[in-house]
Every structure is written in structure tokens, then in C-alpha cells.
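Engineer: Encoded as C-alpha cells, here's the structure I'll be asking about.
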Amino acid sequence: MRGLKKFVMGEKDWSYEFPTTRAILQQDEYADINQEDVEWLHTDNRHRTFACSEPESFGERPRKPYRFDPEEPKDLRLDKYLHGARETIQDELHIEVLPGTEIMTDVGKEHYVRAKESDQVLVPQPSQDLHDPLNWSPFWKFSAIFCVSTMTFTQGFAPLALAPMFPDLIRAYNSTLEDVIQFTGVTILILGFSNFFWAPISTSFGRRPVYLASQVICLACHIIRAKASTYGIFMGACVLNGIGAGPSEILQPAVIADIFFLHDRGTWNALYWVVYMGSLMIAPIIAGPMADRTGWQNFWWLNVAVTALSIVLGIFGFPETKWTRVDSIEAERGVNEIIDTTQDKPSHSHADAEKTVGTPQAQGEPSADAHLGKGTPSKLQWRLFQPNSAPLQNILLDIWTPWRLFVYPIVLFASFVVSWSCSNFLILNLTQSQVFAAPPYNMSSQSIGFLNFSILVGALIGLVTAGPFSDWVSAKATTRNGGIREPEMRLPAMIPYIVIMIFGNVITSIGYERHWPWPVIAVLGYSSAGIQVAALPSIASTYAVDCYKPVTGSLFVAITVNKSLWGYGMGKFVTPWTIKSGFIPVFMTNMGLTVLWCSLGAVFYFYGKTFRRWTKDSNVHGF
């Protein structure tokens, strides 16, 4: 339970009177606590350590007994406790603390655990458990992020690799361009909706089983594609690929939120988008030459090899990162306080450590987590899946939550920005063979594939600029705001990338229509698409995660469904539309919609806190 207060008592301090246990806190200060609310942490011959949701706010203790109403729901009692803590901070700083608002400075006499290298207040506050993923050593954090990046990369490698192979697939299956483009469209559509299965598994049983199970499915689909002899079999493999590749869009963001602190998330989320979009860009570069020189089937055998390697890495290098913690500043700051009414200091067992969270110290120097940067995964974190006492309830909740999030303005904003920014890359993938395989270019599959180098270079530029730039913009605004960070502070970082997106679409559409030299289209148009697709989705999605971190997985399901529906529609209609109307109307329509959604960032910059206020009492913040 979030917000538990922890007490250590000697045996003599207890009286057992049903239905309450009187816990003496300090001399004549005491509280009557309902026994049903007590969660025992440790018992030995001299002391009993327990935790309960005793609803006292920060500051002076109550000087009179407080008796819980037995008929009052536990969640309501906990809300009262958290409300008192929140109001104390608001009174101290004269601000309204909503979900997403982060205290990046010490408050009064309370001091928070800080990063050793930068003196940053850490959000969320790490626990005092050696096995907390936030406390893991750089080696284990790198291992986890590297392994999940290989999963993201290999699952994104196949869906859009078909573009330079379209001519080969047309010949192999005696089909039309519209027919083979459906391989891509169907995969994208199924991929988005498959996360209604994967996200609940991730939340209920952990990230590790999702990683391994999805990769096994992808491995099977690549084998089927390599051996497919008919259009129908190949299409069936595309459906299977869509099911297996769903976690590429939700798992890595969840892992990033599990193991990295708030001030680093912009950079790591930018890395995720570059890994994912980079896989979509590199795949055509490799697929084209392989189709020309060794046959298109061998590209799928390459996928079999890299997916198998990722599975091995996941087994030995990816421990479970999901961790149930009592949120600190990030979720209204439940407090954990130890009071010893005897002269002896009790020793804490391993069970204590697992349920104790790092919290602000009441006085003195800023607190320090002894395990920060030194932790390791436990044996339990190497299990195939994590036990869950109520899996069906959690799964049903996770299936419903993404649909529920669609009515939250911030989630809608992020999903539309991500969807249309990605569509600016997808439209290049779907049209490049149509343009460059025809006169006056007459390029081979290999040459068409190599054009994607420009998109990849642009994405790398986006990687090294977007994440650090958005974190820097947010940090500067936080400093000006007295150490209080609001999620909206990173939104101005979108502006330069919106300009780059517009420039790229104008160059590409006019270049296609008027048959400009291919270097102009590739170097200017394609690279601009790469820059914006690494930047805009990462900034918008990080903003949404900052506001609704407890439901990161469900949030990305909502984003992915939106993106997949638009991507499927584009795959279905872009070819006949360009044939009928030309490239300029198609590209300008897509660009105009992207500008529309991105320009709403100005509304959210000024009114985002109002939108967060509308949902501040939602139970999604307690998941």
C-alpha cells in the first residue's frame, strides 16, 4: 500500500484490545490503529515492526488519539493521509502539487536523495533495497537497456523492410503494388492492437516474460516468411509478425521508467525512438541489397539469426525491472518513518529492506542512499515471470485502461503527435519504390534501400539533440520556477523540429513531383524526416509519461493504436491517392495535420496543468 508509515515498538508498548491496537508513538502521543490496517514487516523477541496508513500529515503529531472508522474504506483513509502530505508541501512552496509536478529541490527541513554526480534531487526517490532497479549499478542498467534495445530493434526490423523488395514480391506472388503494400499495412494494424494482450502481461507478470515470449513468436514468423510459397502464407506470417512485434512499441519505455530517474528520461526515451525508428530505417538498407544479390528469402533468415541472438541476450542479460514501490515526490509522497520507543536500535531484516522506501530526512544534510549505483538484481528477478496474487483483475484493468486514457487530453495530444510524426517517415517508406524504381531514376532494389541511409543519419542527429535539448529546456525552466518542475516545461523543445519537419515535407513532395535530382531529395528531404521522427515522438511521449507514469505501458498502447490505425490507412490508400492526385497534395495534407497536432503544444504549455487537474483524482495515478 502506498503511503504507509512504519513504526518499531517494544513488546511492552502494545495492548491487544479488539478491534484496535494502541501503539504508543512518543510518551503520551499515541494512536488507536485498526488491526486490519496493519501490515507486519518483522517480529523478533524484543520488537515488532509494522506499517500502517495512520493518517497524520507532515509536521506536529496529533496530541490525541485518532481512531479509524471501521466502516471507512482503506483507500479513503489513505487518501486522507496523502492529502495531508500534499497540502503541507503546497503551503510550504505556495504551489499546487498535481500528478506530474515534481519537487526538484529540498522543502523546508526535508531533504531528498540526490544524484552523486550532479546533486540533482532524484525522482522517484530510490528505496533502500539493493535490488531496486533504480539502485542498480551502471553495468546492470546498461545490460537491461541494451537487451531491451535489441528486442526493440529486431522486432522493428521486419515490418517496414519490404519497401525495396516490393518489385521482387510482386513477381514472386504474381501480385500488384497495392497487394504487396498490404503486407506492411496489415502488420502495422495488428501490431498496434496486439498490445492489448502484451501490456497486461507486462503489468501483471513483468517485463521479462513479454520480452522472451514475443521474441519466440517473431522467430517463428521469420521462418514462415523465409519459406512462404504463396501470397496467403506470407500474409499469415505478417499477421503473426504483427502479434509478436507489439512489445517493440511499449516495453522499452516501461523499462526506461523502471530504471532511470526523471531528469534522464528525455535522453533515454530519445534513444528508444532512435532504436525503434532506426530499425525501420536500416532494414530497407539491408533488405534491398540482399534481395538483389542473394534473394529476398535470405533477408528473413537474417532476421531469424538476430532474433535468436536477442533471445539469448534476454535470458542471460535482462532481469526483471518491474518494481512495486511507494512513490515519493512523484506520487504525493507517502512517508516512511521509524520511531524506536526503546533505547535499543532494532536491526532490520531483509524483509524490512524490501518494503522500506528511501524518503526525505526530517532534518540535517540531504539523505544518501547507500545502495545507489551499487545494486544488483536478485534471484527472484531472474524468474521467467513474477507472481501475481490477482492476475485476472489486473489483466482486465490493463485492457480497459488504454481506452480510458483516450479521453485524457494529454494522452490524446501525445498520441496524435507521435502518430503523425511517424507517418512522415512511413509515407517515404511506402512511396520510395514507386518513385525511384520508375523513370527517370530506374533504381535497383539495392539503390532504393541505400536511400534510407539519409533517414538514419537524420535520426542519429535527432538522438544526440532531441533528448538532451528537451531535458535542458525543462531543467532551465525548472530553475527559473524555483526548483519546481512541471511536465509542460519540455514542450517548447518541439519548435525547431516542427520547422525541420515542414522543410523536409516540402522538399520531398516537390522533388518527387518535379523529378529533382535524387541527392536533393535524399540529403535534404529524407534526413529531415529522420530528425523529426527521432525528436517529436520522444518529446511528446515523454511529456505524457511524466504526467501518467504509473500507466506508462497502457499509455503507449493508446499511442500505438492511434498510430497503427493511421499507418494502416496510409498503407491502404497512399498509392492510389498519389497516382490520382500527385505527391504534393498527399504530402501537404499529411504535413498540415502534423503541424495542427504539434501546434496544440502551445495550448498544453499554458493549460496543461488545468488538464492534469481534471484527472488528478483518477485512480490511474495509484496503479
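The values are calculated or read from the model by the stated rules, or taken from the named source; none is laboratory data. Bear in mind that the values here come from a model prediction, so they are computed numbers and not experimental data. FYI the Cβ positions are ideal-geometry reconstructions off the backbone, even for glycines, and counts take in every protein chain you see.
Engineer: If the Cβ limit is 8 Å and pairs must be 6+ apart or interchain, which residue in region 467-492 that is under 20 Å from Val274 (Cβ atoms) pairs with which residue that is of a type outside the set (Asp, Glu) and not in a helix (DSSP H, G or I)?
Structural biologist: Short answer, once both residue conditions are applied: Ser474/Arg485.
Engineer: Which one is surrounded by the most Cβ atoms within 10 Å (Cβ to Cβ), of the residues in region 600-623 that are modelled with pLDDT under 90 and part of a helix (DSSP H, G or I)?
Structural biologist: Here the answer is His621.
Engineer: Out of region 281-305, which residues are free of Cβ contacts under 8 Å to residues at least 40 places away in the same chain and within 13 Å of Pro164 (Cα to Cα)?
Structural biologist: Met290, Gly295
Engineer: Here's a follow-up. Consider only pairs whose beta carbons are under 8 Å apart and that are at least six residues apart or on different chains; among these, list those whose first residue lies in region 375-394 and is under 22 Å from Trp140 (Cβ atoms) and whose second residue is part of a helix (DSSP H, G or I) and of a type in the set (S, T, N, Q).
Structural biologist: The qualifying pairs are Gly375/Asn135.
Engineer: Checking the conditions here, which among Asn429, Asn442 is of a type outside the set (Gly, Ala, Ser) and at positive phi?
Structural biologist: Asn442
Engineer: While we're looking at this one, here's another question. Tell me, please, whether a residue that is among the aromatic types (Phe, Trp, Tyr), touching an Asp or Glu at 6+ places or on another chain (Cβ under 8 Å), in the same structural domain as Gln182 (by TED's automatic domain parsing) and touching a residue at least 12 places away in the same chain (Cβ under 8 Å) can be found in region 541-553.
Structural biologist: Taking every residue of region 541-553 in turn, at least one turns out to be among the aromatic types (Phe, Trp, Tyr), touching an Asp or Glu at 6+ places or on another chain (Cβ under 8 Å), in the same structural domain as Gln182 (by TED's automatic domain parsing) and touching a residue at least 12 places away in the same chain (Cβ under 8 Å).
Engineer: For Gly458, all conditions in the list (1) farther than 14 Å from Gly288 by Cβ; (2) at pLDDT below 90; (3) surrounded by 22 or more Cβ atoms within 10 Å (Cβ to Cβ); (4) not hydroxyl-bearing (Ser, Thr, Tyr) hold save one; what is the number of the exception?
Structural biologist: Unmet for Gly458, out of (1) farther than 14 Å from Gly288 by Cβ; (2) at pLDDT below 90; (3) surrounded by 22 or more Cβ atoms within 10 Å (Cβ to Cβ); (4) not hydroxyl-bearing (Ser, Thr, Tyr): (2).
Engineer: Follow-up. Collect the residues in region 225-260 that are assigned to a helix (DSSP H, G or I) and in contact with a Gly (Cβ under 7 Å, 6 or more places away or on another chain), keeping them in residue-number order.
Structural biologist: Ser248, Ala254, listed by residue number.
Engineer: In this structure, is Gly278 free of Cβ contacts under 8 Å to residues at least 12 places away in the same chain, in the same structural domain as Leu428 (by TED's automatic domain parsing) and either surrounded by fewer than 23 Cβ atoms within 10 Å (Cβ to Cβ) or part of a helix (DSSP H, G or I) (or both)?
Structural biologist: Criteria not met by Gly278.
Engineer: Tell me the residue from Ala558, Ala540 that is touching a Leu at 6+ places or on another chain (Cβ under 6 Å) and either in a helix (DSSP H, G or I) or surrounded by 24 or more Cβ atoms within 10 Å (Cβ to Cβ) (or both), please.
Structural biologist: Ala558
Engineer: Can you tell which of Trp577, Trp597 is in a helix (DSSP H, G or I) and in contact (Cβ under 8 Å) with a residue 40 or more places away in the chain?
Structural biologist: Of Trp577, Trp597, the one residue that is in a helix (DSSP H, G or I) and in contact (Cβ under 8 Å) with a residue 40 or more places away in the chain is Trp597.
Engineer: Go through Gly232, Gly206, Gly246 for me and flag whichever is small (Gly, Ala, Ser) and touching a Lys or Arg at 6+ places or on another chain (Cβ under 6 Å).
Structural biologist: The unique qualifying residue is Gly206.
Engineer: Please return the ranges of helices (runs of 4 or more DSSP H) entirely within region 423-535 where 1 or more residues are under 27 Å from the mean Cα position of the chain (by Cα) and aliphatic (A, V, I, L, M).
Structural biologist: Because the criterion is at least 1 residues that are under 27 Å from the mean Cα position of the chain (by Cα) and aliphatic (A, V, I, L, M), the helices (runs of 4 or more DSSP H) in region 423-535 that meet it are 452-480, 495-514.
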